[in-house]
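Beneath this line is the structure, given in structure tokens, with notes to follow.
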Amino acid sequence: MNVFASMDVASIQAGLAAKEFSAREVAEASLARVAAADEKVHAFLETTEELALRAAARVDEAIAQGNLMAAGALAGVPVAFKDNMNLEGTHTTCSSRMLENYVSPYTATCVARIIDAGGIPVGKTNMDEFAFGSSTETSAFGCTSNPWDLGRVPGGSSGGSAAAVAAGECTISLGSDTGGSIRQPASFCGVVGVKPTYGTVSRYGVVAFGSSLDQVGPFSRSVRDAALAMNALSGRDALDCTSQNVTCDFTANLDEGVRGMRIGVVREFMEAKGLQPEVKAKVEEAIAKLEEMGAEIVEVELPNAHAAISAYYVLGPCEAFSNLARFDSVRYGYCDPGHKDLGGQYEASRAKGFGAEARRRIMLGSYLLSSGVYEKYYYPAQQVRTLITKDYTEAFEKVSCIIAPAAPRTAFKFGEISEPAEMYLSDMYTISINIAGNGGMSMPVGLGADTGLPVGTQLIAPPFKDENMLRVAAALESVYGCAPVAPAFADGKVGE
């Protein structure tokens, strides 16, 4: 039995400090857990045994010298990384045939900061190809299963990262969120998932999807673990001009409760078509719990939020088209052999290297940026972005946090949603936050009455006030408890 599968950061470090076990034992147990459980889950594309043992040795050396915390705030903690984050010497595939054989020559800042904080890197996790998707079904290397029901999706695009935490394969994982790709899979897999304010975490070394929308954040099974990861991740990086000098201690106010806080509810979100009754009921229950704990619930309006999906599916594909132009089969990436001219090589390599959803978004972005179309769609989408940002600014003049659903439904079955437009609606509650740049997170609030599957409620913070949503999440956690390992993987089981 793997005793570390359900441990949080504090428990691991208490055991290390008491010399009940070593960091090497934690690393070896985590890698063994991945080897056993991942036959069912397929959360990982690659494990990094050598790097894990090397990191564990540094932690054990610090313990031997009597100073565990010198190894970092995440010393001895198993961590996994979404496979769009570069880690030197590992494959960074973005779950695409285009990058199947690409080996990272450098390490992303977010990855380096976790390892510098003492995290033990156990591997790279599966995702929707180039982060284009909401189910991890578009991965070129196979789907990831939801640990709560192996016949259902884990969400996406960071489905592998969410599933790895839910199955107890690691304590913390990193994902990226462009339109909901941390919060929606966190909701589906019943874990905590944090999308920080844009600029809080460096994007350097993360393969770009939408450069004005992407943000890296952690998954965990407790709010405190997520806050500790945020402490390690946040701050200015000279290699990313969009990063900001965030020096907040995200753990500082977790125990303050919500008494006296004004928390906003958006009526349009709660009455939206497509919101499952079991999800609505759990979010309403969470709102009632906050009110019982002394929060003041205030109705706020986001009059332009209904236009967020339309604006996003203009802005996102345009930025994706620009970012994916670099994959030209010349310097790196899949190169189709046997072509006599460069144009033919480009066309064949990109057609075969990219999957269907990637090609769809590239073509859509190409069209939207073409002459005569740009003015009709792209410019108005930017105007809508300004209006949505203004709406959030005005709402946060009244409240310090907003609560809403994280996803309109619980996890769906593989193949259940085949229409792209219907799949895009999976992010109907999350996209507006990326457009405005605010922080948002998903907090598990129990299981749906109909499906018995996890439900997450979304907490939204003002820009660079992410500690507000973590404080509210911690208050909810005092009622609902920390997220458990999925039952089929708890108590040493591996999905039997």
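The values are calculated or read from the model by the stated rules, or taken from the named source; none is laboratory data. Please read these numbers as outputs of a predicted model, since none were measured by experiment. Cβ atoms come from the backbone with ideal geometry, glycine included; neighbour counts cover every protein chain shown. Note: accessible area is taken over every heavy atom of the protein model, side chains too, but ligands, DNA and RNA are not part of it. Shrake-Rupley method; radii C 1.70, N 1.55, O 1.52, S 1.80 Å.
Of everything in the stretch 114-138, what is in a helix (DSSP H, G or I) and crowded, with 24+ Cβ neighbours inside 10 Å? Give them in sequence order. Walk me through how you get there before you give the answer.
The initial filter retains those residues of the stretch 114-138 that are in a helix (DSSP H, G or I), namely 114-116, 129-131.
Of everything in the stretch 114-138, those that are in a helix (DSSP H, G or I) and crowded, with 24+ Cβ neighbours inside 10 Å turn out to be I114, E129, F130, A131.
Return the residues of the stretch 355-376 that are crowded, with 17+ Cβ neighbours inside 10 Å and farther than 17 Å from G210 by Cα; say none if nothing qualifies. Give the derivation first.
In the first step, residues of the stretch 355-376 are kept if they are crowded, with 17+ Cβ neighbours inside 10 Å; the result is 355, 357-358, 361-362, 364-365, 368-369.
Of everything in the stretch 355-376, just one residue is crowded, with 17+ Cβ neighbours inside 10 Å and farther than 17 Å from G210 by Cα, namely G355.
For residues that are open to solvent by 20 Å² or more (accessible area, probe 1.4 Å) and among the β-branched types (V, I, T), scanning just the stretch 22-69, find the one that is nearest to the chain's Cα centre (by Cα).
Kept after step one, since they are open to solvent by 20 Å² or more (accessible area, probe 1.4 Å), are these residues of the stretch 22-69: 22, 24-25, 28-29, 31-32, 35-36, 38-40, 42, 45-47, 49-51, 53-54, 57-58, 60-61, 63-69.
Going one step further and asking which of them are among the β-branched types (V, I, T), we end up with 47, 63.
Values: T47: 19, I63: 32 Å.
Per the criteria, the residue is T47.
Output the residues belonging to the stretch 139-156 that are within 17 Å of E39 (Cβ to Cβ), assigned to a strand (DSSP E or B) and open to solvent by 20 Å² or more (accessible area, probe 1.4 Å).
Listed by number, the list holds a single entry, D149.
For the stretch 240-256, name all the residues that are out of contact with any Gly (no Cβ under 8 Å at 6 or more places or on another chain) and open to solvent by 80 Å² or more (accessible area, probe 1.4 Å). If you could, list the steps in order and put the result at the bottom.
Initial filter on the stretch 240-256 (out of contact with any Gly (no Cβ under 8 Å at 6 or more places or on another chain)): 240-241, 248-256.
Correct list: C241, D255, E256.
Among the residues of the stretch 420-433, is any part of a loop (DSSP other than H, G, I, E, B) and open to solvent by less than 40 Å² (accessible area, probe 1.4 Å)? Show your work before the answer.
Quick first cut of the stretch 420-433, residues part of a loop (DSSP other than H, G, I, E, B) only: 428-430.
Okay, now just the ones that are also open to solvent by less than 40 Å² (accessible area, probe 1.4 Å), so 429-430.
Yes, because at least one residue in the stretch 420-433 is part of a loop (DSSP other than H, G, I, E, B) and open to solvent by less than 40 Å² (accessible area, probe 1.4 Å).
Regarding T109, is this residue among the hydroxyl-bearing types (S, T, Y) and within 28 Å of G235 (Cβ to Cβ)?
Values: among the hydroxyl-bearing types (S, T, Y): yes; within 28 Å of G235 (Cβ to Cβ): yes.
It is true that T109 is among the hydroxyl-bearing types (S, T, Y) and within 28 Å of G235 (Cβ to Cβ).
Working carefully through the options E46, E20, find the one that is at pLDDT 95 or above, outside any helix (DSSP H, G or I) and in contact with a strand residue (DSSP E or B) (Cβ under 6 Å, 6 or more places away or on another chain).
Details: E20 fails: in contact with a strand residue (DSSP E or B) (Cβ under 6 Å, 6 or more places away or on another chain).
E46 is the lone residue from the list that is at pLDDT 95 or above, outside any helix (DSSP H, G or I) and in contact with a strand residue (DSSP E or B) (Cβ under 6 Å, 6 or more places away or on another chain).
Can you tell me which residue is surrounded by the most Cβ atoms within 10 Å (Cβ to Cβ) among those in the stretch 157-176 that are of a type outside the set (S, T, N, Q) and in a loop (DSSP other than H, G, I, E, B)?
Among residues in the stretch 157-176 that are of a type outside the set (S, T, N, Q) and in a loop (DSSP other than H, G, I, E, B), the one surrounded by the most Cβ atoms within 10 Å (Cβ to Cβ) is E169.
Can you go through A56, A52, A10 and tell me which one is among the small types (G, A, S), in contact with a Lys or Arg (Cβ under 7 Å, 6 or more places away or on another chain) and not in a strand (DSSP E or B)? Even if it seems obvious, please write down each step before you answer.
Values: A52 fails: in contact with a Lys or Arg (Cβ under 7 Å, 6 or more places away or on another chain); A10 fails: in contact with a Lys or Arg (Cβ under 7 Å, 6 or more places away or on another chain).
Residue meeting the stated conditions: A56.
Of the residues S366, S349, S370, which single one is part of a loop (DSSP other than H, G, I, E, B) and farther than 30 Å from C189 by Cα?
Numbers: S366 fails: part of a loop (DSSP other than H, G, I, E, B); S349 fails: part of a loop (DSSP other than H, G, I, E, B).
Going through S366, S349, S370 in turn, just one is part of a loop (DSSP other than H, G, I, E, B) and farther than 30 Å from C189 by Cα: S370.
Please count how many residues of the stretch 4-21 are open to solvent by 60 Å² or more (accessible area, probe 1.4 Å) and touching a residue at least 60 places away in the same chain (Cβ under 8 Å).
Of the residues in the stretch 4-21, 2 are open to solvent by 60 Å² or more (accessible area, probe 1.4 Å) and touching a residue at least 60 places away in the same chain (Cβ under 8 Å).
When you go through (1) free of Cβ contacts under 8 Å to residues at least 60 places away in the same chain; (2) among the aliphatic types (A, V, I, L, M); (3) crowded, with 24+ Cβ neighbours inside 10 Å one by one for M98, which number turns out not to apply?
M98 satisfies every listed condition except (1).
For the stretch 273-286, give me each residue that is modelled with pLDDT of 95 or more and either open to solvent by 20 Å² or more (accessible area, probe 1.4 Å) or under 23 Å from the mean Cα position of the chain (by Cα) (or both). Before the answer, list the steps.
We begin by selecting, within the stretch 273-286, every residue modelled with pLDDT of 95 or more; these are 275-286.
Matches in the stretch 273-286: L275, Q276, P277, V279, K280, A281, K282, V283, E284, E285, A286.
Can you name the residue in the stretch 222-231 that is crowded, with 24+ Cβ neighbours inside 10 Å and touching an Asp or Glu at 6+ places or on another chain (Cβ under 9 Å) and, of all such residues, is farthest from F327 (Cα to Cα)?
V223
Only one of (1) over 25 Å from T178 (Cβ atoms); (2) not in a helix (DSSP H, G or I) is not met by L302, so which one is it?
Result: L302 passes all but (1).
Against the condition modelled with pLDDT under 95, out of contact with any strand residue (DSSP E or B) (no Cβ under 6 Å at 6 or more places or on another chain), within 27 Å of T92 (Cβ to Cβ) and open to solvent by 20 Å² or more (accessible area, probe 1.4 Å), how does E347 come out, does it pass?
Numbers: modelled with pLDDT under 95: yes; out of contact with any strand residue (DSSP E or B) (no Cβ under 6 Å at 6 or more places or on another chain): yes; within 27 Å of T92 (Cβ to Cβ): yes; open to solvent by 20 Å² or more (accessible area, probe 1.4 Å): yes.
Answer is yes for this residue.
Of a type in the set (F, W, Y), more than 30 Å from G193 (Cβ to Cβ) and surrounded by 13 or more Cβ atoms within 10 Å (Cβ to Cβ): is that true of Y379 in this structure? Step through it out loud before you land on a result.
On the way: of a type in the set (F, W, Y): yes; more than 30 Å from G193 (Cβ to Cβ): yes; surrounded by 13 or more Cβ atoms within 10 Å (Cβ to Cβ): no.
Judged against the criteria, Y379 is not a match.
Given the options S181, S212, S187, name the one that is part of a loop (DSSP other than H, G, I, E, B) and in contact with a strand residue (DSSP E or B) (Cβ under 7 Å, 6 or more places away or on another chain).
Details: S212 fails: in contact with a strand residue (DSSP E or B) (Cβ under 7 Å, 6 or more places away or on another chain); S187 fails: part of a loop (DSSP other than H, G, I, E, B).
Just a single option satisfies the conditions, and that option is S181.
Restricting to the stretch 465-491, and then to whatever is surrounded by fewer than 19 Cβ atoms within 10 Å (Cβ to Cβ) and part of a loop (DSSP other than H, G, I, E, B), can you tell me which residue is farthest from the chain's Cα centre (by Cα)?
Ranking the qualifying residues of the stretch 465-491, first place goes to D491.
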